[in-house]
1. Condition check: hydrophobic (A, V, I, L, M, F, W, C) and within 16 Å of the ligand (Cβ to nearest atom). Does L164 satisfy that?
2. Scanning for something within 12 Å of the ligand (Cβ to nearest atom) and modelled with pLDDT of 95 or more, does segment 47-57 turn up at least one residue?
3. Residues in segment 29-42 that are open to solvent by 10 Å² or more (accessible area, probe 1.4 Å) and in contact (Cβ under 8 Å) with a residue 60 or more places away in the chain: how many?
4. Among the residues of segment 216-231, write down those that are touching a helix residue (DSSP H, G or I) at 6+ places or on another chain (Cβ under 9 Å) and not aromatic (F, W, Y).
5. Within segment 9-28, can you find the residues that are open to solvent by less than 30 Å² (accessible area, probe 1.4 Å) and within 16 Å of the ligand (Cβ to nearest atom)?
6. Is it fair to say A45 is more than 22 Å from G198 (Cβ to Cβ), of a type in the set (G, A, S), open to solvent by less than 70 Å² (accessible area, probe 1.4 Å) and in a helix (DSSP H, G or I)?
Amino acid sequence: MPHSYLLVEVDDAGIALVSINRPDKLNALSGAVVAELEDVFAGIARDSSIRALILTGVGEKAFVAGADIQELSQLTAFEARQFAVRGQRTFRMLETMPKPSVAAINGYALGGGLELAMACTVRFAAESAKMGQPEVKLGIIPGYGGTQRLPRLVGRGRALELLLSGEPVPAAEALRIGLVNAVVPQCDLLSHSRAWLGKILANAPLALGLVMEAVDAGLNVSLEEGLRFEAAAFGVSAATEDRREGTRAFLEKRRAVFAGK
Ligand code: COA
């Protein structure tokens, strides 16, 4: 599928940079943009040469300023439900991919933009970034997971504060409440994201996927069930060649070289 609103570049380290390219509308997520994201995420999930991804927005002003309000204003109730289901499915594909993802938040991340960032493994924000869930100001509620992921990330009280006020928070406040993992100067955002991923990707690939799966599974079930999942995944990790290589390398006092097997 050719992409009109996304730029995708894959570097030598296997990191895909996916840039939402609709700067005249502050990279707002129209139905077409979400369809392209779904297509790109499916392609990245299938492509074993791609090990991680960075999501960002074109321009210096916005990561994504939300779902497309022009389109939202026209939806029937049934279409709105479909709209939410499609976006949720797309973001969940990103979230459950066994490949780490970084939201490089280069400006406004509002509504669907923050929801997209929250579906990433981690979030790094430029100093100028602003983040919020302004849907209640438009007479709607978040439909791409905001009411679910925000309390999981920052806790119930802070999530409700953001969701009910609709007011954005600046990057420094987002860092303080744990909504983003780090704040860096705008010019360093991509290099910081790549450097972080570079460190992560030096670790055992299958173990990375299992950690992400265990955290995701555990957040949605009881502690007992989560622990059972962890034990089973631990068992799987112990059966990998990477486990043999990692433990042997430690004992031989050398750096491990993982094959992802
Ligand atoms: N959907 C559709 N178009 C959007 C948009 C969105 N979510 N956010 C911005 N745009 C468009 C504007 O309509 C404008 O288009 P135009 O030049 O054709 O009029 C263009 O992007 C630039 O935005 P503008 O509002 O002029 O920029 P600003 O710097 O004055 O304000 C924001 C920036 C982010 C504060 C403001 O655009 C805004 O509040 N956007 C909506 C945020 C929101 O409610 N998102 C949640 C949607 S569920």
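The values are calculated or read from the model by the stated rules, or taken from the named source; none is laboratory data. Just so you know, these numbers come straight off a predicted model, no measurement behind them. FYI the Cβ positions are ideal-geometry reconstructions off the backbone, even for glycines, and counts take in every protein chain you see. Side chains included, ligands, DNA and RNA excluded: accessible areas come from the protein's heavy atoms. Shrake-Rupley method; radii C 1.70, N 1.55, O 1.52, S 1.80 Å.
1. Spelling it out, L164 is indeed hydrophobic (A, V, I, L, M, F, W, C) and within 16 Å of the ligand (Cβ to nearest atom).
2. yes
3. The number of residues fulfilling the criteria is 0.
4. Within segment 216-231, D216, A217, G218, L219, N220, V221, E225, G226, L227, E230 qualify.
5. I20, N27, A28
6. The answer is no for A45.
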